[in-house]
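To keep things clear, I will list the structure first and then write my remarks on it.
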Amino acid sequence: MLVALTLMASTLAACGGEQEGSGRTTLNWYNFPDDSGALQKAADRCGRASGGRYRISYSKLPRGADGQRQQLVRRLAAQDESIDIMGLDVTWTAEFAEARWIREWTGEAKRRATAGTLRVPLRTATWKNRLYAVPYNTNTQLLWYRKDLVPTPPRTWSEMLDMSRELARQGKPHYVEIQGAQYEGLTVWFNTLVNSAGGAILDPSATAPSLGPPAVRAAALMRDLAGSPAADPSLPNQMEDQNRLAMESGVAAFELNYPFVYPSMKANNPRLFEDFRWAPYPRVDPGRPARPTIGGIDLAVSAHSRHPDLAFEAALCLRNRENQLTAALDGGLPPTLRALYDEPAFEKQYPFSKEVLAALESASVRPATPAYQNVSIVIAHTLSPPSAIKPESSVAAIRNQIDDALRSEGVIP
Amino acid sequence: MNHPLPDKSGKALSAGARQERRLGLLLCAPAVLVMAAVTAYPVGYAVYLSLQRYDLRFPDRAEFVGLGNYGAVLSSPFWWDAFWVTLFITVVSVAVELVLGMALALVMHRTLFWRGTVRTAVLVPYGIVTVVAAFSWQYAWTPDLGYLAELLPSGEAPLTEQWPALWLIILAEVWKTTPFMALLLLAGLALVPEETLKAAMVDGASAWQRFTRVVLPLMKPAILVALLFRTLDAFRIFDNIYVLTSGAHGTGSLSILGYNNLFTALNLGIGSAISVLIFLCVGIIAFTFVKLFGAAAPGAEVKP
């Protein structure tokens with residue numbers, strides 16, 4: 001079945017191959033579907049700047065991350081030569097590198113990829129101390145709150161829950177909007193809390209679960225929120241977009257979400273926008289900064305590409321200063337080049353750029369392992385719904401299932 | 001080899017009969033070879049993969065593990081959860097479809113006016129692509145978007161809770177495949193001779209008695225075929241669940257489990273073991289049906 005599918009995919013893909021004989025190489029770039037036009041603009045610019053050596057054809061992957069990954073994986077497993085550059089979700093680098101589907105960055109290309117790039121996003125492109133991609137954009141969550149309800153934002157989770165209880169007592173909007181549905185967003189929430197409590201999901205070698213007391217603490221926090229007045233009744237079904245809508249509809253006081261909520265609030269509820277403010281992600285311990293999990297896209301070069309040298313060069317061009325600025329201004333994607341955070345145009349569009357930068361510098365990454373899909377699924381499955389979490393036994397269940405997954409013995413639900 | 005080959009009844013075959021048999025085998029051979037290439041090879045390859053530790057993400061660690069993958073699958077609670085969900089959906093949906101399908105078949109059989117129109121109308125759901133129908137069900141049950149969700153108290157999202165979601169999946173299945181069941185049963189109804197029914201009526205049998213004592217026994221082969229086809233289909237349920245819930249909230253079937261382990265986890269060993277186990281289950285179901293209905297199986301000799 002898989003063989004048949006992969007064969008079919010590669011045959012179909014071969015139909016869209018490059019134009020031989022025109023003297024100019026076509027590089028195929030597969031990335032998430034972008035509606036802002038920033039990606040197409042970058043592809044055109046780089047083609048023009050190459051002096052006629054290559055042009056970049058931007059192909060849109062499916063909208064959902066799972067669909068994107070499946071399409072890429074099928075083609076790569078079938079050694080499809082028609083992919084040159086890929087936009088990988090930050091969680092796929094380890095998997096694709098271990099499966100030998102993407103090329104390592106070395107020498108001059110590596111030097112240019114790392115120069116001026118933020119440290120934490122660079123970690124998402126690294127596997128076993130080798131660089132396998134170049135960070136294209138990054139992303140991180142902030143605490144968004146309503147200044148009319150909360151004059152000073154909470155610094156810790158317990159402060160936030162207390163404020164919510166107090167607002168509930170006064171009959172005011174009091175929900176804390178967060179991603180509680182059974183999907184990867186729940187894993188991200190857990191990862192952020194575990195790291196903020198001083199722990200990690202996997203040990204540094206990524207060969208065994210770490211978890212421990214910080215994980216139990218994180219699980220308890222999630223259960224506490226779910227059982228308190230702070231919990232939105234539809235918490236077990238909520239993803240980023242439902243959080244945004246709930247906040248815009250005025251029932252919530254807090255929202256933990258990515259910066260895309262800011263322009264959205266501005267457009268959809270200008271009255272509430274007046275009181276819409278941001279603050280750093282709340283801490284677990286008052287004395288230890290929160291470590292929000294970062295997201296984003298890394299550009300990698302396919303192992304089956306027939307033009308790897310041009311592909312490395314083109315990938316570097318696609319994420320150069322100018323193109324990252326376009327992606328940030330048109331597409332709202334936080335850049336990975338440190339210098340852009342001092343750019344006046346970016347600061348103007350992103351009034352919270354300083355907070356984003358600070359969050360990025362203390363951020364944590366998702367567990368780096370080729371088996372990330374399994375790890376994420378077992379975490380989301382075990383911690384859903386959050387109200388049913390039993391901190392000790394839930395964490396023990398996660399530990400056993402991660403153990404199985406790392407030995408390829410795990411069956412995923 | 002001068003002795004004539006005996007056939008099943010022990011009688012010797014003549015030379016002509018043997019030659020005819022050889023010709024028959026030769027004529028079948030190309031079809032058998034094609035079948036082997038397109039079905040036996042993938043099945044065999046799946047069995048082979050199921051005996052390996054073979055994870056696309058760890059290509060260096062591929063090795064023969066014997067029945068290890070089967071042990072891992074059968075000792076996993078996820079397999080058993082999915083197994084019971086699948087069994088539940090199969091039993092309930094097939095039972096409902098049998099009753100509804102029989103009723104529709106009777107209507108279609110007896111309709112005097114607009115027979116063609118009635119039959120076409122009944123068959124419409126079966127003509128719609130399952131995935132398309134599933135999406136329309138999904139939207140219909142999504143709060144704020146769907147016309148059916150509006151009938152529920154506000155804040156209800158039935159597709160996000162296990163039991164409501166399971167019932168909605170069954171509803172979608174029944175809506176979609178009852179026409180198929182009705183069609184098969186209609187063919188069976190046509191086999192019941194009018195004279196037999198008239199004779200029963202003359203003997204004073206009520207409508208219910210004629211149905212249970214005359215029609216049903218005569219339709220047994222058709223019912224067997226309909227039940228067998230639908231049970232096997234229902235047991236492999238994938239598309240409706242994939243669209244409606246993606247298997248979340250305890251609604252995943254065995255096919256969804258296999259898909260997730262093959263295509264999301266890229267674990268070809270475990271995924272193939274799941275596929276082979278589903279294959280075995282389907283085989284057991286088919287075997288049980290034929291045993292259960294015994295002589296009523298199509299092609300079986302009717303013993304006096």
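If you add up the charges near B:ALA62, with Lys and Arg at +1 and Asp and Glu at -1, over every other residue whose beta carbon is less than 10 angstrom from its beta carbon, what do you get? That sum, taken over residues with Cβ under 10 Å, equals -1.
The stretch B:198-261 and the stretch A:188-204 have their alpha-carbon centroids 49 Å apart.
Note on the stretch A:317-372 and the stretch A:209-249: Cα centroid distance 26 Å, given to the nearest whole angstrom. Remark: the stretch A:301-413 projects, on average over all directions, an area of 11.1 nm² (convex hull of Cα atoms).
About its Cα centre, what dipole magnitude does chain A give when the only charges are +1 on Lys and Arg Cβ and -1 on Asp and Glu Cβ, stated in debye to the nearest 20? Each step should come with its number before you reach the end.
On the way: 45 positive and 44 negative charges, 117 e Å.
Using only the charged Cβ atoms, the result is roughly 560 debye.
Rounded to the nearest 10 degrees, the angle from helix A:184-196 to the longest Cα principal axis of chain A is 70 degrees. If you take the beta carbon distance between A:ALA345 and A:ASP44 as r and set R0 to 22 Å, what does 1/(1 + (r/R0)^6) give as a FRET efficiency, to the nearest 0.05? Using R0 = 22 Å, I get an efficiency of 0.60.
Holding the Cα-Cα limit at 18 Å, pick out from A:LYS41/A:LYS110; A:LYS147/A:LYS172; A:LYS266/A:LYS348; B:LYS176/B:LYS220 the pairs that are longer than that. With Cα atoms farther than 18 Å apart: A:LYS41/A:LYS110; B:LYS176/B:LYS220. When only alpha carbons are used to place a centre, the stretch B:117-184 and the stretch B:32-97 end up 29 Å from one another.
The C-alpha atoms of chain A define a longest principal axis, and helix A:2-15 lies at about 60 degrees to it.
In this Cβ point-charge picture (+1 for Lys and Arg, -1 for Asp and Glu), the stretch B:1-154 has a dipole of about 920 debye about its Cα centre. About the centre of its Cα atoms, the protein assembly as shown shows a dipole size close to 1160 debye [charges on the beta carbon of Lys, Arg (+1) and Asp, Glu (-1) only; nearest 20 debye]. Taking a ≥ b ≥ c as the square roots of the eigenvalues of the Cα gyration tensor, the stretch A:204-361 is oblate, since a/c reaches 1.5 or more and a/b is not larger than b/c. Projection of the Cα convex hull of the stretch A:20-157, averaged over all directions and equal to a quarter of that hull's surface, yields 12.4 nm².
D by Stokes-Einstein for the protein assembly as shown, Kirkwood Rh over Cα pairs, 4 °C, 1.567 mPa s: 44 µm²/s. Taking N as the residue count of chain B, its C-alpha radius of gyration divided by 2.2 N^0.38 Å amounts to 1.27.
Phi-derived couplings, Karplus 6.51 cos²θ - 1.76 cosθ + 1.60 at θ = phi - 60°, listed residue by residue for the stretch A:39-53: 5, 4, 4, 5, 4, 5, 4, 5, x, 5, 6, 7, x, x, 7 Hz, with x used for Gly and Pro. Quick one: accessible surface of B:TRP175, probe radius 1.4 Å, all protein chains present, in square angstrom to the nearest 10. Answer for B:TRP175: close to 100 Å² accessible.
Can you tell me what percent of all Cα-Cα pairs in the stretch B:1-148 are more than 20 Å apart? Tail fraction, whole percent: 79. Annotation: A:ASP162 carries an accessible surface of approximately 90 Å², with a 1.4 Å probe and no ligand, DNA or RNA atoms counted. Charge tally for B:SER76 (other residues, Cβ to Cβ under 15 Å; Lys, Arg +1; Asp, Glu -1): -3. Note on B:TYR139: accessible area is roughly 120 Å² with a 1.4 Å probe, heavy atoms of protein only.
Can you check what the Kirkwood hydrodynamic radius comes to for chain A, Cα pairs only, in Å to one decimal? Display every interim value, and only then the final one.
Details: mean 1/r = 0.0450 Å⁻¹.
The answer is 22.2 Å.
Once C-alpha pairs closer than 8 Å and six or more residues apart are averaged by separation and normalised to the residue number of the stretch A:278-413, the relative contact order reads 23 percent. Shape class for the stretch B:206-270, computed from the alpha carbon gyration tensor (a ≥ b ≥ c): prolate, with a/c not under 1.5 and a/b above b/c.
For the stretch B:94-198, the square roots a ≥ b ≥ c of the C-alpha gyration tensor eigenvalues yield an a/c of 1.5 or more together with a/b exceeding b/c, which makes the shape prolate. Kirkwood radius and radius of gyration were both taken over the C-alpha atoms of the stretch B:133-177, and their ratio Rg/Rh is 0.95.
Tell me the net charge near B:THR177. Cut-off is 9 Å between Cβ atoms, B:THR177 excluded, with +1 for each Lys or Arg and -1 for each Asp or Glu. Don't skip to the answer; put the middle values down first.
Working: positive: B:LYS176, B:ARG230; negative: B:GLU97, B:GLU173, B:ASP233.
Net of charged neighbours comes to -1.
Over the stretch A:81-190, calculate the relative contact order: mean separation of alpha carbon pairs under 8 Å at least 6 apart, over the residue count, as a percent. Mind showing how you got there, number by number?
Values: 63 pairs, mean separation 18.5, N = 110.
RCO, the stretch A:81-190: 17 percent.
Radius of gyration (Cα atoms) of the stretch B:154-304, expressed as a multiple of 2.2 N^0.38 Å: 1.40.
The values are calculated or read from the model by the stated rules, or taken from the named source; none is laboratory data. Quantities reported herein were computed from a predicted structural model and do not represent experimental measurements. Because the Cβ atoms are built from the backbone with ideal geometry, glycine has one as well, and the counts that use them run over all protein chains shown. For accessibility, only protein heavy atoms count, side chains too; no ligands or nucleic acids. Shrake-Rupley method; radii C 1.70, N 1.55, O 1.52, S 1.80 Å.
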